[in-house]
Amino acid sequence: MFETLTITTLLLIAFFAYQNVRWGLTSAIPKDAQARLRFYCSECLTTVKQLLAGARIEHLEGERLSFNNGQQLFIREGDVILQQPGQKDRVLHTLGKRGELTFERLSDTGLMVNIRAQEAEEAHRIACRLEVEFLEPAQV
């Protein structure tokens, strides 16, 4: 009786361990495509909010933003890149091969950040408005 319970317990543990690996239940990045894209957007949004909330915006192009004394935030081949003066470019996040990061000036203090993660045909989009300080060309 005891041997049967032990073997059954070991088989159940092996089964649940296999399912855990198969579905990626404890992995850092979800295996499900839609969940993975939501994860990418969420992580990128958290970082962008930390970097840009209250920042001094020096120059704004559609997909490139210069802020706080020469730092630049942009996207290259689906990777969100932070470029700081005198340092090597740093990859902050990935948004998939066709991911996008765009910036739009809404008002004198409003910056809209649009983040879109995309892999194959699946996509997820998120946006937020941040309070920033735009420098006039004479102040830069």
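The values are calculated or read from the model by the stated rules, or taken from the named source; none is laboratory data. These figures come from a predicted structure and were not determined experimentally. Cβ placement follows ideal geometry from the backbone for every residue including glycine, while neighbour counts extend to all protein chains displayed. Note: areas computed on protein heavy atoms with side chains; ligands, DNA, RNA excluded. Shrake-Rupley method; radii C 1.70, N 1.55, O 1.52, S 1.80 Å.
In table form, for the structure just shown:
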item	result
Listed residues LEU106, LEU130 arranged by accessible area, highest first, probe 1.4 Å	LEU106, LEU130
For the chain: relative contact order, % (alpha-carbon pairs under 8 angstrom, 6 or more apart)	21
For the chain: Kirkwood Rh in Å [reciprocal of mean 1/r, alpha carbons]	17.4
222 nm mean residue ellipticity, helices alone, for the chain (DSSP H n ≥ 4; -39,500 (n - 2.57); rounded to 500)	-10500 deg cm²/dmol
Listed residues ALA123, ALA35, ALA14, most fluctuating in the chain (Gaussian network, C-alpha, under 10 Å)	ALA14
Beta bridges by DSSP in the chain, antiparallel share as percent, to the nearest 5	95
The chain: most fluctuating residue of GLN84, GLN19, GLN118 per GNM, C-alpha cutoff 10 Å	GLN19
Inter-label distance for SER42 and ARG98, nm, one decimal - labels placed 7 Å from Cα along Cα-to-Cβ	2.4
